[in-house]
Structures are given as structure tokens and as C-alpha cells.
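Engineer: Quick one: the structure is below, and I'll ask about it shortly.
Readers should treat all values here as calculations from the given coordinates under stated rules, not as data from a laboratory. These figures come from a predicted structure and were not determined experimentally. Counting neighbours? That spans all protein chains shown, and the Cβs are built from the backbone with ideal geometry, glycine included.
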Amino acid sequence: MKSLARWWKEEKGKVRCLLCPVACVLSEGSVGSCGVRVNEGGRLYTYTYGSLISAAVDPVEKKPLFHFLPGHRTLTIATPGCNLHCKGCQNWEISQIDKGEVFENPFYRETFLPPEVVVEKAVENGCRSISYSYSDPTIFAEYMIEVAKLAKERGLRNIMVSAGYLSLAALEEIDEVIDAYSIDLKFFSDRSYKLYSKGRLEPVLKTIKFVFSRGKWIELTTLLVPQYLTREQLRSMADWIVKELGDYVPWHLSRFFPHYRAYDLPPTPQEDMEDAFLIAKEAGLKYVYLGNLVGNEHESTYCPRCDRAVILREGYRILAVKIDKGRCKFCGYPIEGVWE
Ligand code: SF4
């Protein structure tokens, strides 16, 4: 549904969008790089306010968040569009919108799910949280905030799953209603960000540091994209996480499979997954996980002191939790996370 956007300003007869670092400057009638924000009559509108294109009840482990109320159900929603354009996007059918599609496709004008309905559905389905994901919730920030406010009133938590490519001005407002973040740290090089995603590294690092400084729970995910993500980048990334955030921030290293426009790339070789795991552990990170790799031992949580499995997982399923009041049940070591 068409709705006035929240973050923009008038600039020399045009409109500058202030929601994300792409910082589109739009002349009358033109559409932003995300495909869903339009200058109409000198004002910026989003065409996808509440235009839900995807909704599902998932285990929180799928976000992935492994240290945030393990095993709970989270209603996950998305609207179309994205402000990044990753070559290998898994959800490209809903995230990559042709410019002009918003005018032609009645879905945008006619679809609107009121925030209270989303929250009601979450409660009905026994969810403890709502996640904003699949596409990037940055481009539906206004709607996310409204849903999240109502969710909070009903005692639900809010989870933002994002590439972290947004302005600090928007993030400050969003952060008021978000309890936990799953952020993609894709590369540690501007060149790779640009070539693969049409983005930049610096704004993502700023987002991560900001969220962390607010004391919100955060887990990071990196897709091991062959050729674009080098061992050197991984090392620098691991060191940066330890130095700028902390050794307890969970890091999910996920296996790449080709999608969308990335069929020229192979899946991540298994040995590169193991290698990445060792790089992360050598940097001193306590909780490192390998994802998209069926039946691997690095999908469980191990106590950093006694090395026993404190959360045993099989894929997204929790088989056992051995944490009591935030501590390892075997040796009492504190395991960082949000457990209640
Ligand atoms: S949100 Fe969309 S319109 Fe706004 S700056 Fe980013 S890409 Fe451009």
C-alpha cells in the first residue's frame, strides 16, 4: 500500500531518501534503487507499506539466532524489494524488484495487512517473537516499527534480520523497538561489497557497532562466497569482531550455494568451511557455527570452559539444552545470550 515515507528531505527540487546509504536523489516520478520508494509530488512514498509478500512461522534458529530464546517459534514477515543487489540472493524473487513494477503491479496498491493482524497471527500461532526478514526489513522500516510496537504491547520480542545497510538516523528509531539482531557481515572489503552486492563495508560496520553499543543481542552471519570472500578478509573480520565487539558474539559461517545471478560460482568447498571455522576459533571467538552443512558438529553450542555441548542441535531442531540460569549445567561457566 502506498504510504508517506519517514526518512527523506527535499533537495534542490528533488527528494533525497535518508533511509539507507545508497542515498538516492529522486526526481519527480522516479523510483529508488530498492524499487519501492518513489518521489511523487515532491514527497517520498513507499509503495509497499504492509504489502506482505511472505509470512511463515519458523524456529528462531533459522534466522539464525542460536543464543536468543532457543527453540521458540517466530512469525517471520517480509514485503518486496531490497536496497542491496546481491548476485547470489536466495530470495531474489521477492527482493529484486524491477524499477517501474510498483506502478504496474496491483499487488503493491491493493495488499495491506494491518499491523494488529500480524501480531494477532503471531499470538495465535504460539510465537514468542516476530522476525522481519527474507527481503531486507530496512526497506519496510516504517511498517516494521508499527508492527513491533504492537508486538511489544502483547509481550512479544522483535527480531531484525538484515544486511545492516541503513542510515544511523533510521537505525536509532528502529532500535527503540528491536530486541535482537541477526546481521549479515558479508565481506571485509569495499571491492567485494561493491561487486557482489552493490554496497559498501563501512555503513555495515557502523550498524553493527551501534547495535552492540546499545546492548542489544546480536549474532553475525557470513556467507562464504567463493572468490569474493578471501581468507585474509575472514581473518580481518574475525579480529574485528573480537576487538570491536567481544569474543562472545556468535558468528555463523554459512555455506554458499549458487542462486540468481551467481551460477558462475561453485558451492563453498567443504574444506573451506572447516578452514573458516579454524580462523574464527584462532582469533578467539567462543561461539562459531557452520551453517548450510547438514549434520556437522559445529551447529551445537559448546561450553568454552568444559567443552561439553550445552545446546545440542540437529539442523534447526534443539535436542537438548544444558543451560541453567545462563550458566553451563556441567561446570557453571556463564554462557552469553538471552535465555528467558
Ligand atoms: S531505501 Fe531505497 S530509495 Fe531510499 S536510499 Fe535506499 S535504495 Fe534509495
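Engineer: Express in nm, to one decimal, how much length is gained between Glu40 and Lys281 on full extension, taking 0.36 nm for each residue of separation and deducting their alpha carbon distance. Each step should come with its number before you reach the end.
Structural biologist: Numbers: separation 241, 0.36 × 241 = 86.76 nm, distance 5.11 nm.
Extending this stretch completely gives an extra 81.7 nm.
Engineer: Rounded to the nearest 5, what % of DSSP beta bridges with both residues in the chain are antiparallel? Don't skip to the end; give the middle numbers.
Structural biologist: Working: 28 of 55 bridges.
Antiparallel bridges: around 50 percent, rounded to the nearest 5.
Engineer: Right, another one. Give me Rg/Rg_expected for region 54-299, where Rg uses Cα atoms only and Rg_expected = 2.2 N^0.38 Å with N residues. All intermediate terms of the calculation are to be shown ahead of the outcome.
Structural biologist: On the way: Rg = 17.6 Å, N = 246, 2.2 N^0.38 = 17.8 Å.
The reported ratio for this selection is 0.99.
Engineer: Normalised by the residues of region 54-299, what does the relative contact order come to in percent, with Cα pairs under 8 Å and at least six apart? If you can, show how the numbers build up before the last one.
Structural biologist: Values: 440 pairs, mean separation 41.3, N = 246.
Here the relative contact order equals 17 percent.
Engineer: Check Leu223: other-chain or 5+ apart residues with amide H under 5 Å from its amide H, H built from backbone geometry?
Structural biologist: Close amide H contacts, sequence-distant or interchain: Ser254.
Engineer: Also: Taking the Cα centroid of region 1-46 and of region 259-311, what is the distance between the two, rounded to the nearest whole Å?
Structural biologist: Here the two parts' Cα centres lie 40 Å apart.
Engineer: Kindly provide the chymotrypsin sites (Phe, Trp or Tyr not before Pro) of region 196-291 that DSSP labels as loop, not H, G, I, E or B, and whose Cβ sees at most 13 other Cβ atoms within 10 Å. Please list the in-between numbers first.
Structural biologist: Values: sites: Tyr196, Phe210, Phe212, Trp217, Tyr228, Trp240, Tyr248, Trp251, Phe256, Tyr260, Tyr263, Phe277, Tyr287, Tyr289; in loops: Tyr228, Tyr248, Phe256, Tyr260, Tyr263, Tyr287.
Sites meeting the loop and neighbour criteria: Tyr263.
Engineer: Test of understanding: what is the full-extension gain from Gln90 to Ser30, defined as 0.36 nm times their sequence separation minus their Cα-Cα distance?
Structural biologist: Values: separation 60, 0.36 × 60 = 21.60 nm, distance 2.71 nm.
Once the chain is fully extended between Gln90 and Ser30, it gains 18.9 nm.
Engineer: Another question, then. Run the dipole for the chain about the Cα centre, Lys and Arg Cβ at +1, Asp and Glu Cβ at -1, nothing else charged, and hand back the magnitude in debye, nearest 20.
Structural biologist: On the way: 44 positive and 44 negative charges, 86 e Å.
Roughly 420 debye for the chain.
Engineer: Okay, moving on. Taking a 20 Å limit on the Cα-Cα distance, which of the listed pairs Lys2/Lys216; Lys186/Lys209; Lys62/Lys186; Lys209/Lys329 fall beyond it?
Structural biologist: On the way: Lys2/Lys216 32 Å; Lys186/Lys209 15 Å; Lys62/Lys186 18 Å; Lys209/Lys329 31 Å.
Over 20 Å apart, Cα to Cα: Lys2/Lys216; Lys209/Lys329.
Engineer: I'd like the Karplus ³J(HN,Hα) series for region 316-330: coefficients 6.51, -1.76, 1.60, θ = phi - 60°, whole numbers in Hz, and an x wherever there's a Gly or Pro.
Structural biologist: For region 316-330, the Karplus-derived couplings read 8, 8, 8, 9, 7, 10, 10, 10, 10, 6, x, 10, 4, 5, 8 Hz, x marking Gly and Pro.
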